[in-house]
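Each remark here refers to the structure printed beneath this line.
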Amino acid sequence: MKRRMWVVLILAAFAVGACGGGGEGQSADANGTLAPVPAEYAGKSNPFGADAAGEGAVVFKNNCEACHGPSGRGDGPAGAALDPKPMNLAALQVAAGDDYLFWRINTGKEGTSMLAWKGILTEEQIWQVVAFINTLQE
Ligand code: HEC
């Protein structure tokens, strides 16, 4: 009797796990298709240029590293228990344009722990961190 109970519980846990990934349709894995950038952000380019990466490294260290890890690979200690886990930004930046990164960081990503940084960071800081992400190597 008791054993049957466990089987049911374990099966239930699997079922929940399987459904948990349901929101993945819009997730950007670096090798897959990226979500289209909304018109409001599409085509924007970094007004501060690649030189902003130095300041961006500081922004990243203070706000992003805990989840995304020191090299941006999505392996920060605060991200370990998250589902989905933080994005590997070193891989993502190869496929994603500046406008894509700027959009995502501003508005966050629904259904994940990635919050909207607009209003927390200034627009300049967000561009700085975009420049920094572009320097990340896989
Ligand atoms: C609380 C942990 C956490 C913090 C802090 C955090 N992120 Fe994220 N980030 C995530 C998660 C989780 C995802 C979603 C991964 C997925 O969709 O598979 C994500 C996704 C992203 C994406 C890609 C979104 C996509 O799917 O295209 C970018 C870009 C990003 N983060 C940049 C940043 C930057 C820059 C900072 C700091 C300003 C930051 N993140 C801070 C957890 C975090």
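The values are calculated or read from the model by the stated rules, or taken from the named source; none is laboratory data. A quick note: this is a predicted structure, and the numbers were derived from the prediction, not measured. Counting neighbours? That spans all protein chains shown, and the Cβs are built from the backbone with ideal geometry, glycine included.
Values computed for the structure shown
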{"read-out": "Scan of the stretch 58-85 for residues that are among the aliphatic types (A, V, I, L, M), surrounded by fewer than 17 Cβ atoms within 10 Å (Cβ to Cβ) and either part of a helix (DSSP H, G or I) or within 7 Å of the ligand (Cβ to nearest atom) (or both), ordered by number", "value": "58, 66, 78, 82"}
{"read-out": "Residues being touching a helix residue (DSSP H, G or I) at 6+ places or on another chain (Cβ under 8 Å), more than 9 Å from the ligand (Cβ to nearest atom) and polar (S, T, N, Q) - total across the stretch 104-117", "value": "1"}
{"read-out": "Given (1) surrounded by 19 or more Cβ atoms within 10 Å (Cβ to Cβ); (2) near the ligand (Cβ under 9 Å from one of its atoms); (3) within 14 Å of the chain's Cα centre (by Cα); (4) in a helix (DSSP H, G or I), index of the condition residue 132 fails", "value": "(3)"}
{"read-out": "Only one of 136, 101, 121 that is over 21 Å from residue 80 (Cα atoms) and in contact with a helix residue (DSSP H, G or I) (Cβ under 6 Å, 6 or more places away or on another chain)", "value": "101"}
{"read-out": "Only listed residue being within 23 Å of residue 39 (Cβ to Cβ) and either touching a Lys or Arg at 6+ places or on another chain (Cβ under 7 Å) or modelled with pLDDT of 95 or more (or both), chosen from 55, 110, 65", "value": "110"}
{"read-out": "Hits in the stretch 86-105 - residues which are surrounded by fewer than 19 Cβ atoms within 10 Å (Cβ to Cβ) and touching a Lys or Arg at 6+ places or on another chain (Cβ under 6 Å)", "value": "99"}
{"read-out": "Qualifying residue in the stretch 13-36 (condition: modelled with pLDDT of 95 or more and either more than 10 Å from the ligand (Cβ to nearest atom) or hydroxyl-bearing (Ser, Thr, Tyr) (or both))", "value": "yes"}
{"read-out": "Pairs with Cβ under 9 Å, 6+ apart, first in the stretch 112-138 and of a type in the set (S, T, N, Q), second at pLDDT below 95", "value": "112/23; 112/27"}
